[in-house]
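Notes follow once the structure below has been shown.
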Amino acid sequence: MNPLYNEISEALQNGKQKIVAELVEKAIAEKLPAQEILDKGLLAGMDVISEQFTNGEAYVPEVLVAARAMNAGAALLKPLLAEAGAVACGKVLIGTVKGDLHDIGKNLVKLMLEGKGLDVLDLGVDVSAEQFLTAHREHKADAIALSALLTTTMQEMKHIIEAFTEAGCRDEVTFLVGGAPISEAFKETIGADIYTADAASAAAACKAAILAKKG
């Protein structure tokens, strides 16, 4: 494997945004495949950070600076990936449910999902069932990630899943649910597919579910 990939991965793990961008530019100049730079450099580095975060060896600030570094490198690769006809391994809609304006947890999950090579569309906060449905019809998502921090808004997750069932498109998507008041038991009662206790494992479970569904 080209040593540049390890350099990119290590710089990303250390949150060195400028160095990551310089190394990605160097890799591009050396005509290395854009998909390989992404997979073996940027995403490999984010995988390490995700694992450290799950194990309590890294914290939110480290994840954020690593994600910024990844985004700086990914921005340079985007035109090349588009030229090569590269496609993300899946598409995810994410949002905080109607009535809830909290976004820190949602934003962290979004970063982790992007770090797994998924295409993520962030619908923001206070998102209704109808907005999720409309976005799904337009973008054909593989998964939908729902966030809630309040006990008063967590039931909205159930309404969203019911809306998809009534619209006949429940089976088209994998539903992830998360947030402080959410639990495995609550996931079961509302008929969602995935609940995990942290952002990194949520992203890993989401990617695994999408790949399994695509066979």
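Observations on the model:
- Remark: the chain carries 48 Å² of accessible area per residue (probe radius 1.4 Å; ligands, DNA and RNA excluded).
- Anisotropy class of region 1-143 from Cα gyration tensor, a/c 1.5 cut: oblate
- A simple packing score, the average count of other Cβ atoms within 10 Å per residue, orders the peptides 91-99, 207-215 as 91-99, 207-215, with the highest score first.
- As a calculated quantity, the FRET efficiency between Q35 and C169 at R0 = 35 Å, using C-beta atoms, amounts to about 0.70.
- Cα shape, region 89-155, gyration tensor, a/c 1.5 rule: oblate
- In a fully extended conformation the segment linking N2 and A84 would gain 27.5 nm over its present Cα-Cα distance, using 0.36 nm per residue.
- For region 182-196, the Karplus equation 6.51 cos²θ - 1.76 cosθ + 1.60, evaluated at θ = phi - 60°, returns couplings of 7, 9, 4, 5, 5, 3, 5, 5, 9, x, 7, 9, 9, 9, 9 Hz by residue, with Gly and Pro reported as x.
- Listed by number, the DSSP H helices of the chain that run 27 Å or longer by alpha-carbon position along their axis and have mean Kyte hydropathy of at least 0.5 are 60-83.
- Once the Cβ-Cβ distance of K18 and D193 is raised to the sixth power relative to R0 = 30 Å, the FRET efficiency obtained is 0.15.
- Added length on full extension, which subtracts the Cα-Cα distance from 0.36 nm per residue, V60 to V48: 2.9 nm
- Prolate/oblate/rounded call for region 29-110, Cα gyration tensor, a/c under 1.5 rounded: oblate
- Computed over protein heavy atoms with a 1.4 Å probe, the carbon and sulfur contribution to the accessible area of the chain reaches 54%.
- When each of K40/K110; K78/K106; K16/K158; K16/K214; K18/K140 is checked by Cα-Cα distance, pairs over 31 Å: K16/K158; K16/K214; K18/K140
- J(HN,Hα) series, region 169-176, from Karplus relation 6.51 cos²θ - 1.76 cosθ + 1.60, nearest Hz, glycine and proline x: 10, 4, 6, 7, 10, 9, 9, 9
The values are calculated or read from the model by the stated rules, or taken from the named source; none is laboratory data. This is a predicted model, so every value here is computed, not measured. Because the Cβ atoms are built from the backbone with ideal geometry, glycine has one as well, and the counts that use them run over all protein chains shown. Just the protein is used for accessible areas: all its heavy atoms, side chains included, with ligands, DNA and RNA removed. Shrake-Rupley method; radii C 1.70, N 1.55, O 1.52, S 1.80 Å.
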